[in-house]
1. Give me the pairs, please: first residue somewhere in region 236-250 and at positive phi, second residue anywhere and among the hydroxyl-bearing types (Ser, Thr, Tyr) and in a loop (DSSP other than H, G, I, E, B), beta-carbon distance under 7 Å, and either six or more positions apart or on two chains.
2. Against the conditions (1) part of a loop (DSSP other than H, G, I, E, B); (2) more than 15 Å from Ile215 (Cβ to Cβ), where does Tyr14 fall short? Just the number, please.
3. Answer with yes or no whether Ile227 is in contact (Cβ under 8 Å) with a residue 24 or more places away in the chain, surrounded by fewer than 24 Cβ atoms within 10 Å (Cβ to Cβ) and either under 17 Å from Val137 (Cβ atoms) or among the basic types (Lys, Arg) (or both).
4. Among the residues of region 32-46, are any surrounded by fewer than 19 Cβ atoms within 10 Å (Cβ to Cβ), among the charged types (D, E, K, R) and out of contact with any Asp or Glu (no Cβ under 6 Å at 6 or more places or on another chain)?
5. Could you give me the residue pairs with C-beta distances under 7 Å whose first residue belongs to region 80-95 and is closer than 8 Å to Gly126 by Cα and among the aliphatic types (A, V, I, L, M), whose second residue is part of a loop (DSSP other than H, G, I, E, B) and modelled with pLDDT of 95 or more wherever it lies, and which are 6+ apart or on separate chains?
6. With of a type in the set (S, T, N, Q) and within 15 Å of Ala44 (Cα to Cα) as the only criterion, which of Gln221, Gln245 stands out?
7. Just name the residue that is surrounded by the most Cβ atoms within 10 Å (Cβ to Cβ) out of those in region 174-198 that are under 18 Å from Ala222 (Cα atoms) and of a type in the set (Phe, Trp, Tyr).
8. All but one of (1) in contact with an Asp or Glu (Cβ under 9 Å, 6 or more places away or on another chain); (2) free of Cβ contacts under 8 Å to residues at least 40 places away in the same chain hold for Pro71, so report the exception by its number.
Amino acid sequence: MIGAIAGDIIGSVYEYNNIKTTDFPLFQNESTFTDDTVLTVALADSILHGVDSAKKYQEYYNLYPHAGYGPGFSRWASSASTKPYNSWGNGSAMRVSPIGFAYESLEEVLDMAKKSAEVTHNHEEGIKGAQATACSVFLARTGKNKDFIRDTIRDSFSYSLDEPLASIREHYTFDPSCQGTVPQAITAFLESENYEDAIRKAISIGGDSDTIACITGGIAQAFYREIPDPILDKVYEILDSRLRQVVTLFCNRYACH
């Protein structure tokens, strides 16, 4: 999941300052983790300690209340209720990568992805986005090739993955939905040559850059199994000690360095 977190941090400065090129500095002085990282770590923490994910989402929201959450999630996380709010937003997909690393069968991955989503995102598109992302991570981690991943996601989730990134880049704008984010993020991975290239391609289409790169980054890490040390070093430097501790424990337990 560190690949997802790196994508979030690298993309953080481009969410409201979109670029349409792969030629950009990976880190700037303003690069930081956002709600994508916070909730990814919250889900990893829930898996590590067998705690309900909704409780962890709310706990981490209160620990990091200014990380950039959507208004629907903020209302949910700051309330006394844990009733879902039927969201189809991409928040369910950006936080789900730990599930693709932690479970040993696709059936478990799909089931746990659904559970991780529906505590907030119980709309069918919110659930589908989380499942498609976790499925992609799992298939990549278990050695499936890109054609197999593309075909599985297309056939299982009815996402169109036919439009090339060069075409998407020409017209794509900010879209907070799963259905307008997850297919594009998967396409960036499918067209990539290595982890860094995947992140650069994800950010280059514009839109919700940190979330797109977060989704792409989790899949790319699982597939390429290597993130350049300068990226890892910078990510661990930017994370605070609490987040760093959970990430390290999760990656050690589930071999997702």
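1. From residues that are at positive phi, there are no pairs.
2. (2)
3. Answer is yes for this residue.
4. Filtering region 32-46 down to residues surrounded by fewer than 19 Cβ atoms within 10 Å (Cβ to Cβ) leaves 32.
When the remaining residues are screened for being among the charged types (D, E, K, R), the result is none.
For region 32-46, residues surrounded by fewer than 19 Cβ atoms within 10 Å (Cβ to Cβ), among the charged types (D, E, K, R) and out of contact with any Asp or Glu (no Cβ under 6 Å at 6 or more places or on another chain): absent.
5. From residues that are closer than 8 Å to Gly126 by Cα and among the aliphatic types (A, V, I, L, M), the pairs are Ala93/Cys178; Ala93/Thr181.
6. Gln245
7. Phe189
8. All conditions are met except number (1).
The values are calculated or read from the model by the stated rules, or taken from the named source; none is laboratory data. Keep in mind that this is a model prediction, so the values were computed, not measured. All Cβ positions, even for glycine, are placed from backbone atoms using ideal geometry, and neighbour counts span all protein chains on display.
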